[in-house]
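Peer 1: Here it is: the structure, laid out below.
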Amino acid sequence: MNSIYLDHNATTPVHPKVLEAMLPFYGDSFGNPSSSHSKGREARVKMDEAREQVAALLQAHPGEIVFTSGGTESDNMAVYGVAQALRGKGNHILTCKTEHPAILNACAELARQGFEIDTVSVDRYGKIDLAHLQEVITEKTILITIQHANSEVGTLQPIQAIGELARERGVLFHTDAVQSVAKIPVQVADLPVDMLSLSSHKMYGPKGVGALYIKKGCPALVPLVAGGGQEKKRRGGTENVPAIVGFGVAADIARVGLDDDSSHLKALRKQLIAGIQDNLAGVEFFGHPDECLPNTVSLGFEGVEGQTLMIRLDLEGICVSTGTACSSGSISPSDGLRAMQVAADKINQIIRISLGRNNTEQEIHRVVDCLKRLVGDIRQKVAVVS
Ligand SMILES: Cc1ncc(COP(=O)(O)O)c(C=O)c1O
């Protein structure tokens, strides 16, 4: 039986055309893009092409794209880079508790260094309170960093309104768009955003590569990685050429197929939710019902532990994730879900299904059938034990 992969917010399979484009750069085309000879120039040309492809996906200028080692580094680069560059102007940074650890842990480190970090409150869907954001901006605020889409529940933040507010108050705005790029249109030409993070492996590209978009005119960030003058002195270190080339091709495929991908995901999501609602009782959905990613369904079944269900699904060849995070061998409820005031017992029940472009209607039928059987079985066993 073929397995069904439903964990695309964790990572995506590399598109065959991406792999094909990368391979020569692990072989004969091994040049360093900083070298002036033909091998180096060959790498440079392909890297420039990839920069154009990533820029085109965002409707950005290629000069506004800095390649990094992934979403985590892009987030760190924005947070640390602004903090260091603007520390003479202020020491106050605003974020929210549903951010990825790449933002939260960078902010926590800055707090240890004397920066003031405030978190804007979120509602039960994980959406920030704009009025609260407006209240907590001060003369010392140098950065607002609020994600575009939440990886756990898929809720979208009002980044247009946040950016406008930031502009009005003269504050830089960074958004982590790792989960939204390639799933919905994210076009920086129309957005009041100064910096934006993206990651290749969330969009059918290779792991270990990403980018930070830095709008032209944004103050120069202090580089996170000091080294040679690569990436116009914004990020030192010889570029990961094969991965960057693959990232470019993935961005190109995403740009061309975005409308089709988006509507395919929306249709599958609708089918999945309807199938579950029609066939299973005692189910609760999390995240915003409408203002959300087209691929993410976060849900819990009354009386059914998410970990148990995830393992049972895995045994049937279906990969999903849970609402709990596993670190240092212990399982703890996700901080983001706690910030959405989801009770700990409910968090323990959550599974996240994140769809991808290769999933099919038939797979969703099989998943619904499987859920029906497994949830019923687990509930029955729990009833016998208690
Ligand atoms: C919202 C968000 N930001 C950042 C990251 C980190 O990206 P990367 O795995 O490329 O470091 C992730 C990865 O899950 C994410 O979901």
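Peer 1: For the stretch 279-302, state whether one or more residues are assigned to a helix (DSSP H, G or I) and crowded, with 21+ Cβ neighbours inside 10 Å.
Peer 2: No - not one qualifying residue is present in the stretch 279-302.
Peer 1: Those residues that are more than 13 Å from the ligand (Cβ to nearest atom), of a type in the set (V, I, T) and in contact with a Phe, Trp or Tyr (Cβ under 9 Å, 6 or more places away or on another chain), I need them from the stretch 201-231; list them, please.
Peer 2: Residue satisfying the conditions is V222 alone.
Peer 1: I would also like to ask the following. Which members of the stretch 148-200 meet the condition of being more than 12 Å from the ligand (Cβ to nearest atom) and farther than 21 Å from L57 by Cβ?
Peer 2: Scanning the stretch 148-200 gives P158, A161, I162, E164, L165, A166, R167, E168, R169, G170, V171, L172.
Peer 1: Among the strands (runs of 3 or more DSSP E) confined wholly to the stretch 43-147, which include 1 or more residues that are of a type outside the set (S, T, Y) and more than 16 Å from the ligand (Cβ to nearest atom)?
Peer 2: Per the criteria, 92-96, 116-120, 141-145.
Peer 1: Mind telling me which of the residues A243, A226 ends up being among the hydrophobic types (A, V, I, L, M, F, W, C) and touching a residue at least 12 places away in the same chain (Cβ under 8 Å)?
Peer 2: The unique qualifying residue is A243.
Peer 1: Loosely packed, with under 15 Cβ neighbours inside 10 Å, in the same structural domain as S180 (by TED's automatic domain parsing) and of a type outside the set (S, T, Y): does that describe K270?
Peer 2: No.
Peer 1: Could you tell me whether any residue of the stretch 158-169 is surrounded by 15 or more Cβ atoms within 10 Å (Cβ to Cβ) and within 25 Å of A344 (Cβ to Cβ)?
Peer 2: No: the stretch 158-169 contains no residue that is surrounded by 15 or more Cβ atoms within 10 Å (Cβ to Cβ) and within 25 Å of A344 (Cβ to Cβ).
Peer 1: Could you please let me know if N279 is in contact (Cβ under 8 Å) with a residue 12 or more places away in the chain and more than 24 Å from the chain's Cα centre (by Cα)?
Peer 2: Yes, satisfied.
Peer 1: Determine which member of the set D176, D194 is at pLDDT 95 or above, touching a Cys at 6+ places or on another chain (Cβ under 7 Å), among the charged types (D, E, K, R) and not assigned by TED's automatic domain parsing to the domain that holds F285.
Peer 2: Checking each option against the conditions leaves just D194.
Peer 1: While we're here: Please list, ordered by first then second residue, the pairs with beta carbon atoms under 9 Å, 6 or more apart or interchain, first in the stretch 296-316 and within 26 Å of S262 (Cα to Cα), second assigned to a helix (DSSP H, G or I) and modelled with pLDDT under 95.
Peer 2: These pairs meet every condition: S298/L337; G300/K346; G300/I347.
Peer 1: So, one more: Kindly provide the set of residues from the stretch 1-29 that are more than 16 Å from the ligand (Cβ to nearest atom), at pLDDT 95 or above and in a loop (DSSP other than H, G, I, E, B), ordered by number.
Peer 2: S3, H15, G27, D28, S29
Peer 1: Assess whether S262 counts as being within 16 Å of the ligand (Cβ to nearest atom) and more than 26 Å from G40 (Cβ to Cβ).
Peer 2: Considered against the rule, which asks whether it is within 16 Å of the ligand (Cβ to nearest atom) and more than 26 Å from G40 (Cβ to Cβ), S262 comes out as no.
The values are calculated or read from the model by the stated rules, or taken from the named source; none is laboratory data. Because the structure is predicted, anything quoted here is derived from the model rather than measured. We place every Cβ from the backbone using ideal geometry, glycine too, and count neighbours over all the protein chains shown.
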